[in-house]
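A quick write-up on the structure given underneath.
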């Protein structure tokens, strides 16, 4: 019953969206075939997610954010869900949301301009097709009227000020299609990372309640991850939340760094899998001449921080999508390691 | 017809994926826009396709990756087709392969910022006549591994050449069914390293001017452990005398300059018919894991390591060991060919064929310091042939057939 109602509501929203878009000569409603058919649409406009500008999302899209976002060179991100008609969601015991075929997850990356506006440079889409998820990166054109598929990725020069006011001029990397999978990899299959129910937030009124009606939930309770930047939380929990958001997509037993033995989807603590007194395996010069991933009491000689700080490809972690150091994140992990009792 | 014809793409407005077409050849030339053209070809290739790289130098700004099963990437030769990563700005390796049944052949990678080629979870992969070179020679700022298959079943590395790696030239980790053969590893910290892997054959290679020639290791705190069933035969292991240039902290940073073959914490290792010469610390070294660890799944001992007949030239005459002068004096100018730490779990830690000289440090417990050594001559049993199941040692025959 309620599901049907929601579908009607979505259609109505889509209709409203279409009407207002047509007035400005934009595109039609979301093209479900572009999401589900074989092939890789060349232009972002082929889907109908945006009406001729990254600032004009189709009202049928459900905006959301996550409590602990991945750091991406201080880019600001806008996330949306596009659900097919009659969508039904299943939330697993770990909180991961299982979306139906026909779903698209959309994420735009933007920087604040000197004039104060947001300038969106790329939009990545995850399409749930009958044969699994597909990740595709789109780069917006000069006029920001449409974005074009860049399966092989791209580089562009970006200038921005970080929250502390420091100016950065970086070569921003748009990942290629394979690199998308490198992070979005669970047991060799491409999967969404961000949508974990208790960690998702829905800014638009009513979305949260409506999605809840569409979803089934596990019997166990689901608890939100602490915010990495919440000073009220214990430091180990903050560091754990930060490392989970920024490392665990690869550093898990089913991820791309499964061979490392370093797993940040597991509870952070004085364990080898957290890096505690763990020696490097295949780090090479990434070790920075230090002995341990986490050297308790010694942030200055912990490989973890050395690699999170480095901008040098071959050393820098994460390997993809970071051309600046995340000062605020580093501070949290540094504080955690500094607070561990020295062992050597 | 090339699948990368741009006009065709524009006309069709979508790019077809996974079409049931006959295998195609996709040609990629060096020159302007190589990064995007080559990466696009690797992404759009379908199963069975061959991506053919033209002769010349490809200037690359980012790591490349391949995630399509059954693709062959073929260059015009390891000196003709060069993927130049000197200007690399991102990614942890030059080329990352994450799909099965891939063949890489006849091209080179130069100066990748991290590893050269990494293949992870990529079963039945063939590396044939691949060259990875750090052109500035031994340098701690070079990448760790040249050729780096990991977590894979079925690995064949043949006719390849790696130099300058700050860890291992050819490194196979957490894998099984492995052959490394007919390859040259020169001026790396470790020439060839078989780590946490099973059923490996290392034969007919040349390991020279590395810090250590061929290493067989098992390390703790890794998802895959229990390395063993390794045959090292008919290799030329000569003049491995480069000072260790690994960044400290790495396990290979502990490899002593002048080590021919090093076996550490492994079981069923057979070393036969190799030629050893001019390895100034030890032609063959067999030891337990040397560092502290906490991992109850881990066995730190060297078990059932056998040194059969080999040819030994000069060696052990300039060992990187504390008290080298006294040791050399005691042994008459040069140390015996086989160095054992003496640490054994049962009574079959090490066996050595008759006529081969050895010495032991006389240690008893894994992690014991060298300072506690009580050196003495080696008296261990002779090997009586391989008494473990070696029927699965080496890469599956299908991999060999691909490069015939």
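Read-outs: derived from the displayed coordinates by stated rules, not from any lab. In this text the structure is predicted, and so the values were computed from the model without any measurement. Quick reminder, even Gly has a Cβ in these numbers, built from the backbone with ideal geometry, and neighbours come from all protein chains shown.
Odds and ends about this structure:
- Here, region B:176-402 has an Rg and a Dmax of 16.2, 53 Å when only alpha carbons are counted.
- One Cα centroid belongs to region B:101-165, the other to region A:268-336; the line between them spans 25 Å.
- Legend: P(r) of the protein assembly as shown from all alpha carbon pair distances, 10 Å bins from 0, whole percents, reading 3, 14, 23, 23, 18, 11, 5, 2, 1, 0.
- Mean shadow area of region B:213-293 over all directions, Cα convex hull, nm²: 5.5
- Within region B:283-306, backbone nitrogen closer than 17 Å to the virtual label 7 Å beyond the Cα of residue B:369 toward Cβ: B:290-293
- What the pair-distance distribution of chain A shows, using all Cα-Cα distances binned every 10 Å from zero, is 5, 23, 32, 25, 11, 3, 0 percent.
- Pairwise centroid distance, computed over Cα atoms, of region B:211-245 with region A:64-135, Å: 45
- Spin-label model, residue A:33/residue A:312: points 7 Å from Cα along the beta carbon direction are separated by 5.3 nm.
- Per-residue ellipticity at 222 nm, computed for chain A from helices alone with -39500 (n - 2.57) per DSSP H run of at least four residues, works out to -6500 deg cm²/dmol.
- Peptides B:195-201, B:331-337 ordered by packing proxy, namely the average of other Cβ atoms within 10 Å per residue, highest first: B:195-201, B:331-337.
- Per-pair calculated FRET efficiency, R0 = 45 Å: residue A:171 and residue B:354 via Cβ, rounded to 0.05: 0.10
- Relative to the longest principal axis of the Cα atoms of chain B, helix B:34-44 runs at roughly 90 degrees.
- Test item: A:255-264 mean partner chain Cβ contacts at 10 Å: 4
- For region A:235-338, diffusion coefficient by Stokes-Einstein and Kirkwood Rh (Cα), 10 °C, 1.306 mPa s, µm²/s: 119
- Over the C-alpha trace of chain B, radius of gyration and Dmax come out as 22.3, 81 angstrom.
- Compared with the dominant Cα axis of chain A, that is its longest principal axis, helix A:2-23 is turned about 80°.
- FRET E, pair residue A:209, residue A:328, Förster distance 35 Å, beta-carbon r, rounded to 0.05: 0.60
- Approximating the spin labels as points 7 Å out from Cα along Cα→Cβ, the residue B:314-to-residue B:404 distance works out to 4.4 nm.
- Estimated Rh, region A:130-266: Kirkwood, alpha-carbon pairs, angstrom: 18.2
- Once the chain from residue A:112 to residue A:56 is taken as fully extended at 0.36 nm per residue, the excess over their C-alpha distance is 18.5 nm.
- Taking 7 Å steps out from each Cα toward its Cβ at residue A:270 and residue B:135 produces label points 5.1 nm apart.
- Region B:176-402, relative contact order in percent, only Cα pairs under 8 angstrom and at least six apart counted: 18
- Other protein chain C-beta atoms within 10 Å of residue C-beta, averaged over B:67-80: 1.
- Between 0 and 90°, nearest 10: helix A:235-247 axis offset from chain A longest Cα axis: 60
- Using the rule -39500 (n - 2.57) for each DSSP H run of four or more residues, divided by the residues of chain B, the 222 nm mean residue ellipticity is -2000 deg cm²/dmol.
- Computed FRET value (nearest 0.05) for residue B:379 with residue A:253, which takes r as the C-beta separation and R₀ as 41 Å: 0.35
- Gain upon complete extension [residue B:324, residue B:22; 0.36 nm per residue less C-alpha separation]: 102.3 nm
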